[in-house]
Every structure is written in structure tokens, then in C-alpha cells.
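The values are calculated or read from the model by the stated rules, or taken from the named source; none is laboratory data. In this text the structure is predicted, and so the values were computed from the model without any measurement. Note: ideal-geometry Cβ built from the backbone for every residue, glycine included; neighbour counts use all protein chains shown.
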Amino acid sequence: MTLADLLPLLVWGTLVGVDLVSLPQMMIARPIVAGTVAGAILGDIPTGLQLGVVFELLQYDILPVGAVRYPEYGPATIAAVATAHASIGVLGLGLGVLVGLVTALVGGVTINVLRRVNSRIVHNAAAALESGDPRALLRVHAGGLLRDAVRAATVTSFGLLLAWLARPLLGVVLTEQGASLLAVATIGAAIAAGAAGTLRLVGRGPNLIWFAAGLGGGLLMVAWLR
Amino acid sequence: MASVNLSLARALLRLFAVQGSYNYERLLGVGVGVAEEPLLRDLADGKYGPAVARGAHFFNAHPYLIGLAVGAAARAEHEGASPDQIERLRETLCGPLGSVGDRLVWAGWLPFLSALAMVTVALGGGWIAVAAFLVVYNIGHVALRWWALKAGWTHGTRVSIALHHPVLQKATTVLGSAMALAVGFALPITAQYLAGAFDSWTRLALAAVAVVAFLMLRLRGDRLNGLRLALGFGAVALIAGWIWP
């Protein structure tokens with residue numbers, strides 16, 4: 001990752017972070033999209049796709065209903081791709097997922113903080129809002145959008161800082177086996193999260209049969225491809 | 001007619017940012033008020049301000065279907081419904097709009113297409129699979145937002161007619177099954193794709209970790225989630241990898 005890559009990644013991460021909740025929810029925040037474009041920015045689409053798929057599986061663990069709290073995997077995937085691109089093979093993969101997971105955790109915390117800040121601002125503006133003044137309404141709303149953009153940029157910057165630090169700090173102390181172990185542990189957990197999250201979504205009703213049929217078909221396909 | 005269409009288009013554009021000021025006090029209320037405002041501009045002077053204020057009260061629903069509430073509440077304001085009636089209409093719509101939208105989009109359309117994209121990527125479809133996912137998903141996304149707003153505006157206080165539309169009910173059921181089938185199909189193919197980065201012995205270890213992690217998530221799902229588990233596994237692996245000669 002060069003300095004010339006940094007600005008496009010930061011801009012992309014900010015757009016992705018804002019898309020998650022605020023504007024326009026067109027799903028560029030999905031890891032598979034965020035990762036692929038980050039890979040394209042770095043000239044390494046295969047790594048972007050690979051990490052995009054890992055975090056897409058983790059995304060299945062989340063059902064964003066009501067005011068539920070969840071990790072933010074969009075900017076996290078961008079940080080993961082930036083990390084993986086800087087290292088070779090399995091080491092990059094393991095470090096990338098780890099950096100992405102930490103970024104996702106921090107991103108989730110910032111979403112909660114932002115909502116609390118917004119709550120306070122809306123509470124303080126209650127009288128203006130109750131007066132029916134459209135300018136006050138727009139001001140409060142635009143402020144929320146702006147704060148989310150700042151939040152997304154901050155999370156992406158944090159993730160990219162981790163990506164920059166990961167290789168010199170962790171890459172040099174991990175042996176080849178250690179790097180494999182890290183990649184196996186994190187990717188295995190992501191596959192499990194995808195399966196468990198989907199089963200939660202499917203439930204015990206008639207869709208479970210469809211899930212089983214799909215799983216059987218997928219296993220047959222894997223056997224056929226070997 | 002042209003001015004109504006212009007107001008609807010303005011409201012639709014604002015609906016894309018309906019969650020922009022998400023907060024724990026009014027949830028989506030402020031965003032709903034902002035989206036509804038263009039539809040209230042031609043109300044009489046004494047009615048406009050109170051209607052805008054009502055629009056920004058507490059509200060929560062699925063963001064793609066929230067146009068139903070925006071359109072219906074604005075229409076009710078135009079038809080001279082009482083403030084109590086409009087508040088009741090909004091309260092009544094919160095639950096069903098959230099429930100239908102969550103099943104239709106978050107648990108149907110989105111994971112269904114995401115699973116298809118993952119399968120296509122795993123089979124070598126590359127970035128085109130991702131681009132196709134974005135285009136197809138957003139055709140449904142934008143169509144749903146526009147339909148919701150138009151239906152809300154058309155039906156007003158009788159908006160439940162739209163919510164019980166047979167196509168909406170059928171789509172929810174069909175997409176739930178399609179999602180289950182597609183994600184079930186995608187899981188082994190995706191796992192195989194990710195395992196391609198490892199040699200054969202490491203692939204066995206990957207399978208073992210995935211099984212153990214899956215069992216942990218199923219048995220302790222009340223305390224564990226994918227992120228915590230992956231971070232925990234990663235931390236253990238990092239320490240083990242550090243001391244491994």
C-alpha cells in the first residue's frame with residue numbers, strides 16, 4: 001500500500017461506511033463489494049474478492065433489525081484487503097482477517113456512539129422540531145449525515161493504520177506455521193459464522209428443507225469440481 | 001399532477017437518506033419528517049408546521065418500506081385526518097413495515113443475491129459477479145422504495161391494502177425459501193474456494209476449526225457471535241503461532 005493508494009482507499013471506506021446505514025444503502029457496504037473495489041484500487045482484485053468472501057460470510061451472522069448493535073464489516077474489509085495486499089500468501093490472509101476483525105469491532109462501537117450523540121442533539125432540538133420549522137429539521141438531519149461521514153472516515157483511517165502497522169509488528173514474529181494457524185483459525189470461524197447465522201435466519205420451518213437441499217447440491221458440486 | 005410527481009420524486013430522493021440521523025430517541029423519526037416535508041408544502045399555512053412536526057416524531061420500520069408510512073401520513077394530512085388519527089396510523093405501521101421489510105429484504109432478497117454472488121466468485125466469475133450483484137440488488141431496492149411511496153400516497157389511511165398486497169406476501173415467502181436454498185448451496189462452494197489458499201493438511205485443520213466454531217456458535221449463541229469467536233480464535237492462534245518454533 002503506497003501513499004497514492006491511501007487517499008482512494010480512505011474515500012472508498014468513507015462512502016462504504018456511510019452506505020451501511022445513512023445513505024443510500026445500495027449495499028456497497030457489503031464486504032464482497034467493498035473488498036473487490038479495494039482490491040481494484042490496489043491492483044489486486046483476487047485478494048479483494050477472497051477477503052470480501054470471508055467477511056461476507058461473517059456478515060451472515062448479522063440481522064440488522066430494530067436498533068440492534070452490530071460490527072461494521074465494510075471499512076473492515078477494506079483494511080483487511082490493504083493488509084493482505086502488503087504481505088504474501090497465507091500470512092497476508094491471516095493478518096488481513098485479523099486487522100479486519102479489529103476494525104469491524106471498532107466500527108460497531110462508533111455506530112453506537114454516533115447514535116447516542118444524535119440522540120442528545122435531537123433531544124436538545126426538541127423544541128425547534130416541535131415548532132414544525134423545516135430548516136431546523138433539515139439541520140438536525142444533515143448534521144447526522146455529516147457526523148456519520150466523519151465517523152466512517154475515522155474508522156477507515158484506523159483500519160488503514162492497523163493495516164500499515166500489521167506487517168512490521170506481527171509479520172516478522174510469525175513463522176510460516178504461525179501464519180497458517182492464524183489464517184485457519186480466523187477463516188474457519190468465518191465459515192462457521194456464515195453457517196450458524198444462516199441457520200438462525202432459516203429457522204426450523206419449511207425453509208430448513210430448502211437449506212438442506214441447497215447444502216446437498218453444494219456438496220455435490222464441490223465433489224464434482226474436484 | 002406534475003407538482004405531485006415532483007413532490008413524490010423529492011420525497012423519494014430524501015428517503016434514500018432516511019436513516020441519516022438515526023438515534024435512540026426518535027429512531028428514524030427525524031429522517032421520516034425530512035422525507036415527508038416535500039409532500040406537505042402545499043398544505044394551508046396553519047396546517048403545514050404541525051404536520052412537519054408530527055412527521056418527525058418517533059418512527060421505526062424497514063428503511064426500504066418506510067415510504068409507505070411517509071406517503072400515507074402525508075396523504076392523510078391532505079385529507080384532513082385528525083392529529084390523533086395520523087399518530088395512530090404511524091404507530092400501527094411501525095411493526096408491520098419492519099416485519100415485512102426485514103423478511104423481504106434482510107432475510108430474503110439481500111442474502112439470496114449475496115449467496116449467488118459468492119458462488120459465482122468462487123467459480124471464477126470475478127468482479128463481474130460483484131457488479132451483477134450490485135445492479136440486480138438495486139433494481140429491486142429502488143423499485144421497492146418507489147412502490148412503497150406511491151402506494152402510501154395512493155391509499156392514505158387505507159394503506160394496509162398495499163401492505164397485504166398478494167405479490168408482497170408471495171415474494172416474502174418465495175424469497176425466504178430461495179435464500180435458504182442459495183445460501184445452503186453457497187456454503188460448501190465458498191468454503192472450498194477459501195480452502196484453495198491452503199495445502200491439503202491445513203485444509204483438514206480448516207474443516208476442524210470450522211466444525212468446532214460452528215458447534216460453539218450453535219451451543220452458546222446467546223453469548224457468542226461470529227465476530228467475538230473469530231477474534232478469540234485469532235488471538236489464540238496468534239499466541240500459539242508466536243511461540244511455535
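Is it the case that region A:42-59 has a residue that's in contact with an Asp or Glu (Cβ under 9 Å, 6 or more places away or on another chain) and more than 13 Å from A:Val99 (Cα to Cα)? Yes, region A:42-59 contains at least one residue that is in contact with an Asp or Glu (Cβ under 9 Å, 6 or more places away or on another chain) and more than 13 Å from A:Val99 (Cα to Cα). Pairs linking a residue in region B:36-52 that is of a type in the set (Gly, Ala, Ser) to a residue that is part of a helix (DSSP H, G or I), with Cβ atoms under 7 Å and 6 or more positions apart or on different chains, are B:Ala51/B:Leu40; B:Ala51/B:Glu77. Among A:Leu165, A:Leu219, A:Leu146, which is more than 19 Å from A:Ile78 (Cβ to Cβ), surrounded by fewer than 16 Cβ atoms within 10 Å (Cβ to Cβ) and of a type in the set (A, V, I, L, M, F, W, C)? Unique residue meeting the criteria: A:Leu146. Residues in region B:184-211 that are outside the structural domain of B:Leu116 (by TED's automatic domain parsing), more than 22 Å from A:Tyr73 (Cα to Cα) and under 31 Å from the mean Cα position of the chain (by Cα): B:Val211 alone. Just one residue in the set A:Leu160, A:Leu137, A:Leu169, A:Leu146 is modelled with pLDDT of 95 or more and out of contact with any helix residue (DSSP H, G or I) (no Cβ under 9 Å at 6 or more places or on another chain); that residue is A:Leu146.
State all residues of region B:199-215 that are more than 7 Å from chain A (Cβ to nearest Cβ), over 12 Å from A:Ala189 (Cα atoms) and surrounded by 14 or more Cβ atoms within 10 Å (Cβ to Cβ); if no residue qualifies, say none. Spell out the reasoning first.
Narrowing region B:199-215 to residues more than 7 Å from chain A (Cβ to nearest Cβ): B:199-201, B:203-204, B:207-208, B:211-212, B:215.
Now drop any that are not over 12 Å from A:Ala189 (Cα atoms), which leaves B:199-201, B:203-204.
Passing the criteria: only B:Arg203.
Would you confirm whether any residue within region A:64-82 is crowded, with 24+ Cβ neighbours inside 10 Å, in contact (Cβ under 8 Å) with a residue 60 or more places away in the chain, facing another protein chain (nearest Cβ under 7 Å) and of a type in the set (Asp, Glu)? No, the conditions are met nowhere in region A:64-82.
In region B:216-243, the residue that is modelled with the lowest pLDDT out of those that are within 8 Å of chain A (Cβ to nearest Cβ), loosely packed, with under 15 Cβ neighbours inside 10 Å and under 23 Å from B:Phe198 (Cβ atoms) is B:Trp242.
A quick yes/no check of all residues on (1) modelled with pLDDT under 95; (2) assigned to a helix (DSSP H, G or I); (3) small (Gly, Ala, Ser):
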| position | (1), (2), (3) |
| --- | --- |
| B:Ser114 | no, yes, yes |
| B:Gly124 | no, no, yes |
| B:Leu144 | no, yes, no |
| B:Val167 | yes, yes, no |
| B:Leu181 | no, yes, no |
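A single entry from A:Gln59, A:Gln25 fulfils the requirement of being surrounded by 19 or more Cβ atoms within 10 Å (Cβ to Cβ), closer than 22 Å to B:Leu217 by Cα and polar (S, T, N, Q): A:Gln59. Against the definition (in a helix (DSSP H, G or I), at pLDDT 90 or above and within 17 Å of B:Ala205 (Cβ to Cβ)), how does A:Ala213 come out, yes or no? For A:Ala213, the condition - in a helix (DSSP H, G or I), at pLDDT 90 or above and within 17 Å of B:Ala205 (Cβ to Cβ) - is not met.
Consider region B:63-76 and keep the residues that are touching a Leu at 6+ places or on another chain (Cβ under 6 Å) and in a loop (DSSP other than H, G, I, E, B). The one that is nearest to the other protein chains (Cβ to nearest Cβ) is B:Tyr64.
Would you check if B:Ala195 is within 7 Å of another protein chain (Cβ to nearest Cβ), touching a helix residue (DSSP H, G or I) at 6+ places or on another chain (Cβ under 8 Å) and not basic (Lys, Arg)? So B:Ala195 does not fit the description; no.
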